Amino acid sequence: MPDCVMERKSKMKKYDNPMSRQVESLPELMEQQYDDLEPKTRKVLSFQEIYNIQRIVLTGCGDSLAAAMATKHAFEMLTGIPTEVVTAIELGRFYCERHLGIDCRNPLVIAVSNSGTGARVSEAVQRAGKHGCFVLGVTGNEESPLGIHSDKILKLNIPAFESAPGTRSYLVSVMSLLLLAIRFGEVRHQYTMDQAMDYRRDIRRQGELLRTLLPEMKTVCQTVAEEWQGFPCYDFVGSGFDYAAAWFGQAKILEATGKFAMHINTEEWFHLNFFVRNAREMGTVVVANTTSPGHSRTREMVKYANVLHRPLVVITDGSAEDFGGEQAIYIQVPKPEYPITMPLTQFAPVCLIAAYIAELTGEEYGRGCEGDWSFSKNGAGVTESEIMV
Amino acid sequence: MLKHYKIKTKYNDVYDITKEVRQAVEESGVEEGICIVYNPHSTAGITVFSPWDPDGFVDLDEEICRLIPTRVDFKHQHDTPQDAAGHVKSALLGISNSFIVHEGNLLLGGSQGIYFLEFDGPRDREYFVKVFSDK
């Protein structure tokens, strides 16, 4: 076999790994999970329970926390109910007791964890329950600590797949929260049932839209990974629910490649991250949907990232024109009918970039939980922790 | 003869369809017969009511809602409380009405109008008018 063909085959192999295969499975997963979750999210809380909600607290750890960040605005836009994202350790150890269990079992605490075994989430829901909050667990494991300590459970059923830094589970977490938000708004008559179904259909439609864009997305992400593989650090920027994808991007770089990565919102970037000295080796990923109220600030940020000669990727549903023609590698993600649906797909490119860089640099996901990292085997770092309620 | 009409409704609203039904009867050419007005929905109704005082419609709405309030303890929880109440309202008030056609006209009293009642909405709705001849 000629050398050039061997080289191409070897490269192709590098661009086909468990994490990238997770991304490639997302369109089918999206359609399959919608069919599973749509009826469940209708029935998990009764009319009475939905009408009782005065405030909502979304909590979780890691990717689940990102899913909460991705959907907080959707909860408020669709339901009008004040909604906070509270980390599990904040809810479990610090959240003001006087604000728990008020107004007949409020706030509603929605805790997300597919495994349901994280100690901090278990602790958070136990404390919330002890002080009179209503707890809805979103988990695939009803027998887990989260399942046991929840008043109601939205049971996830994510088909098994090759192990890799969470990609499929993140999608399902985001989808389940979006469907809950749509349901709450529908029952509380914030919009009609027809409108609610339109929101739902937009969710299901994202699978097909992503399927169409994936081939081009993979090609661009391969180019980015090749150019960026030697960088010591990466910077992920976004605001509003774009911030969740930026947060998720830094998480995937850390998990998959073991390299430093930062996450920051577009405003704080001007206060902090732009100071980095070695800008030409700071791979910068901006997540920027064109409908964002923060879009003008993102345009400014993109402009000054170029002034600093930063290698730049913009993940967007738009194009270079939406950013004043600024130089960058633009990665197209689906443009949904409703912006709330955007978080379902805009994280896909950051997973691909992380997956490809990990392969190109020969990194094992999560450092293989070996050597100094062996304490984290089987998630022990997050499951075996003292719970204090 | 069957005529098909489409309307866009608002939340919990009332629509006067008397003119359309009269016109359907005239266009049918039927001199003596029966006219049926029918809606194919389960959260909307067809009724006869007096058109003269607009406040009467407020009374109608309030009485329907007093009899069948939108509650959160309906057993039917697949959709919304408004929808669940709408099903009961529709079942009790009915989804069709029949009228006599005499001398080519709809036989309606002076204080009678025909109304499409929306118990949910806003929705895209439809109703049908069927005219039969005695012959």
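Details
- Point-charge dipole on Cβ atoms (K/R +1, D/E -1) for the protein assembly as shown, about Cα centre, debye to 20: 960 debye
- Whether chain A is rounded, prolate or oblate, judged on the alpha carbon gyration tensor where a/c under 1.5 counts as rounded: prolate
- Inter-chain Cβ neighbour count for A:45-52, averaged per residue, equals 4 (cutoff 10 Å, partner chain atoms only).
- Across the stretch B:1-91, the mean sequence separation of Cα contacts (distance under 8 Å, 6 or more residues apart), normalised by length, yields a relative contact order of 28 percent.
- Euclidean distance of C-alpha centroids, the stretch A:103-181 and the stretch A:258-336, integer Å: 32 Å
- Per-residue mean of foreign Cβ neighbours for B:70-83 is 5 (Cβ atoms of other chains, 10 Å radius).
- Here the label points at A:R21 and A:E267, each 7 Å from Cα along the C-beta direction, are separated by 4.4 nm in the simple model.
- Anchor B:K3: lysines whose Cα lies under 28 Å away (excluding residues fewer than 8 positions away in-chain): B:K19, B:K89, B:K130, B:K135
- Around the Cα centre of the stretch A:208-290, unit charges on the Cβ atoms of Lys, Arg, Asp and Glu (plus for the first two, minus for the last two) sum to a dipole of about 160 debye.
- Lys/Arg +1, Asp/Glu -1 at C-beta; the stretch A:197-248 dipole; positive extreme among A:Y234, A:Q206, A:F248: A:Q206
- Given charges at Cβ of Lys, Arg, Asp, Glu: chain A dipole, positive-most of A:I353, A:V276, A:P165: A:P165
- Take every pair of alpha-carbon atoms less than 8 Å apart whose residues are at least six positions apart; their mean separation over the length of chain A yields a relative contact order of 19 percent.
- Taken residue by residue and averaged, Cβ atoms of other chains lying within 10 Å of the Cβ of A:182-192 number 3.
- Fluctuation leader among B:D120, B:D59, B:D13 - chain B, Gaussian network, Cα springs under 10 angstrom: B:D59
Read-outs: derived from the displayed coordinates by stated rules, not from any lab. The structure presented is a predicted model; accordingly, all values stated were derived computationally and were not measured. Every residue, glycine as well, gets a Cβ built from its backbone with ideal geometry; the counts of neighbours run over all protein chains shown.
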